[in-house]
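J.: First the structure, then my questions, so here it is.
Just so you know, all these numbers are worked out from the coordinates, no wet-lab data involved. Here the structure is a predicted model, which is why all the values come from computation and not from measurement. Glycine also receives a Cβ, built like all others from the backbone with ideal geometry; neighbour counts cover every protein chain displayed.
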Amino acid sequence: MKFNPEKYKIDDEPLKPFIDIDEIETCLNENKEDKGRIREVIGKSLEKNRLSLQETAALLHAHSPDVIEEIKQGAASLKNKVYGNRIVLFAPLYIGNKCSNNCVYCGFRASNKNAERKTLSDHEIIQEVEALEENGQKRLILVFGEHAQYNPEFIAHTVRLVYKIKKGTGEIRRVNINAAPLDIEGFKTVKEAGIGTYQVFQETYHPEAYKTYHLRGKKADFNYRLTSLDRAQEAGLDDVGIGALFGLYDWKFEVLGLVRHTNHLEACYNVGPHTISFPRIKDASMLGMGSKYFVSDDDFAKMVAIIRLAVPYTGMILTAREPKELRNEIIQYGVSQIDGGTKLELGSYARETSLNEEQNLNRGQFRINDSRSLNEIIDELLDHDMLPSFCTACYRLGRTGEHFMEFSVPGFIKRYCTPNAILTLAEYLLDYAPEKTKEKGWRVIEKNITALNDDKTAIKIREKLELMKSGTRDLYF
């Protein structure tokens, strides 16, 4: 079902908001722990069916340790059914931290006089991308503050520049964007540059809470931000990512906000979010808020599992805001993408820095809690029989939007994910990995080929691996 112009307006008038506080709060208030109901909901999700608000709320009210464990195990099983054991790796690249907004939780906010403002030049972007390529990165997300300088033309320019940069055998094959909401023409401009996913996080789905955190700037308009990805869809940009910043309001409300946003996109465009992100409040320079809604590690793990069950097909992103021990645990419950070797200070990939903690906070958006290198993360993933992946095949073959839904909702995406993860891991092993990682990596590759139980696919993978060992690169299914 395409967008209904009788129900919504584009650009000339704000779109009708689709978050109903009463609807969400009713779901939260009416549901108590019902073990039978929870098991029924888990069963529906394991059939790869997206959950309703009411069904998701039933999971949110689980409090018994045994029931929470069932939710986690259900999420782990579902993830394996849809995506297998692969984990996609990427890196964030901050292009500029100028910002006209005043979000009390963010180090970039306009009132933060300690922040050192900077926008990377083309030369500096080239240096950064070359450094990332030398480490083996193939997927980047470019991050921008919300500022007049970072207009659609500027974003499109940086994307085209990044794609042109080649260092040795390195290249960036997928550029995602995390930037301000745009109008339809703006989204068309960035789409033409060949971007992957465009992320806009609502931060909090509660309108009144939203007002208390966003004090000025265009971001203070809740409805404009909420409907931004509708404009992206109207522009033909069907690969979008949503997210909430957990710690601004009741985390259970935010989970239902994410599900409601997903439902809305599906109802209007037949396309849900390609990714859901769930950053959690961490320290930032001049952090200006209390801890009333901060989310505990236990609740955070439970929340990740519930989101996986609620939206079976979506990619789920867990960032280096979280410590490695928690990341290693939570990727089991449904996370499909993580960043590796992350640095937040602008220009820090191309040069070594020796900044103290306060300086890092003044130059970055928030504090990272997992400082492992890309290879260290790959090494640990291999130790846990996970399959590191740099795959970009779906986007380059047009398996996005409705086409992605056709493959991923029934779970067929695993046919492509595992073979392509194997090939991109092999590239990394051949070009970048130290010997110890190579040994582990080839063992994991062999184990995953055998586990396919598909002789035809196994033969094709082995043929492509031999080509890669002879120097061919960028092979995929």
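J.: Between their Cα atoms, which of K138/K292; K343/K438; K211/K292; K35/K79; K32/K292; K81/K456 are more than 28 Å away from each other?
T.: Listed pairs above 28 Å: K138/K292.
J.: Something else now. For D221 and Y476, what is the calculated FRET efficiency with R₀ set at 56 Å and r taken between the beta-carbons, to the nearest 0.05?
T.: For D221 and Y476, the calculated efficiency is 0.85.
J.: Could you please rank H63, H261, placing first whichever residue has the fewest other Cβ atoms within 10 Å of its Cβ?
T.: Ordered from fewest to most neighbouring Cβ atoms within 10 Å, H63, H261 come out as H63, H261.
J.: Hey, another quick one. What residues qualify as long-range amide H neighbours of I87, i.e. H under 5 Å apart, gap of 5 or more or another chain, H built at 1.01 Å from N?
T.: Residues meeting the criterion, in which the H sits 1.01 Å from N, are L387, S389.
J.: Within 10 Å, count the other beta carbons around each residue, average over each peptide in 243-250, 51-58, 383-390, and list them highest first.
T.: So the peptides 243-250, 51-58, 383-390, ranked by packing, come out 243-250, 51-58, 383-390.
J.: Between G170, T227, F108, whose Cα lies farthest towards the positive end of the dipole of region 101-231 when Lys and Arg beta carbons carry +1 and Asp and Glu beta carbons carry -1, centred on the Cα centre?
T.: Checked the options; the winner is T227.
J.: Let me ask something additional. Sort 301-310, 437-446 by packing, meaning the average of other beta carbons within 10 Å per residue, with the highest value first.
T.: So the peptides 301-310, 437-446, ranked by packing, come out 301-310, 437-446.
J.: Ranked highest first by the average count of other Cβ atoms within 10 Å around their residues, in what order do 103-115, 419-431 fall?
T.: 419-431, 103-115
J.: Another one. Return, in residue-number order, each cysteine of the chain whose C-beta is not under 4.7 Å from any other cysteine's C-beta.
T.: C27, C99, C268, C391, C394, C417
J.: Please enumerate, by chain and number, the aspartates and glutamates with C-alpha under 18 Å from the C-alpha of K440, excluding those fewer than 8 residues away in the same chain.
T.: E376, D379, E380, D383, D385, E427, D431
J.: Then there is this: If you restrict to DSSP beta bridges whose two residues both lie in the chain, what percentage is antiparallel, to the nearest 5?
T.: Here the share of antiparallel DSSP bridges comes out near 10 percent.
J.: Once you put a point 7 Å from the Cα of Q149 and another 7 Å from the Cα of N29, both along the Cβ direction, what distance in nm separates them?
T.: Placing both labels 7 Å along Cα→Cβ, they lie 4.8 nm apart.
J.: Can you tell me how much longer the chain between E329 and S291 gets when fully stretched, taken as 0.36 nm per residue apart minus their C-alpha distance, in nm with one decimal?
T.: Once the chain is fully extended between E329 and S291, it gains 11.3 nm.
J.: Right, something else. Using +1 on the beta carbon of Lys and Arg, -1 on that of Asp and Glu, and nothing else charged, what's the dipole of the chain about the Cα centre, debye to 20?
T.: That gives the chain a dipole magnitude of about 720 debye.
J.: Please get the size of the charge dipole for region 413-469, origin at its Cα centre, with Cβ charges of +1 on Lys and Arg and -1 on Asp and Glu, quoted in debye to the nearest 20.
T.: Charge dipole, region 413-469, about its Cα centre: 180 debye, nearest 20.
J.: Tell me, what ³J(HN,Hα) does each residue in region 81-93 have, in order and in whole Hz, if you take phi through Karplus 6.51 cos²θ - 1.76 cosθ + 1.60 with θ = phi - 60° and put x for Gly and Pro?
T.: 5, 8, 10, x, 9, 7, 10, 7, 10, 8, 9, x, 10
J.: Of G272, L53, L256, which is farthest towards the positive pole of the chain's charge dipole, taken about the Cα centre with +1 and -1 on the beta-carbons of Lys, Arg and Asp, Glu respectively?
T.: Going by the charge dipole, the pick is G272.
J.: Calculate, for E208 and T457, the FRET efficiency according to 1/(1 + (r/R0)^6) with r their C-beta to C-beta distance and R0 51 Å; round to the nearest 0.05.
T.: 0.45
J.: Shifting gears a bit: Rounded to whole Hz and in sequence order, give me ³J(HN,Hα) for region 268-277 from the Karplus expression 6.51 cos²θ - 1.76 cosθ + 1.60, θ = phi - 60°, writing x for Gly and Pro.
T.: 3J(HN,Hα) across region 268-277, in whole Hz: 8, 10, 6, 9, x, x, 5, 9, 10, 10.
J.: Same structure again: Pull up all non-local amide H partners of I141: gap of 5 or more, or a different chain, and H-to-H distance under 5 Å with H placed in the peptide plane.
T.: A91, L93, N176
J.: Quick one: Karplus J couplings for region 251-266, per residue in order, coefficients 6.51, -1.76, 1.60, θ = phi - 60°, nearest Hz, x for Gly and Pro?
T.: 4, 5, 4, 5, 4, 5, x, 5, 5, 5, 4, 4, 4, 4, 5, 5
J.: Going by the alpha-carbon gyration tensor, a ≥ b ≥ c the square roots of its eigenvalues, is region 188-341 rounded (a/c under 1.5) or, if a/c is not under 1.5, prolate (a/b greater than b/c) versus oblate?
T.: Because a/c hits 1.5 or more and a/b fails to exceed b/c, region 188-341 counts as oblate.
J.: Please compute the length gained on full extension between K469 and N80, using 0.36 nm multiplied by the number of residues separating them and subtracting their Cα-Cα distance.
T.: That works out to 137.1 nm of additional length.
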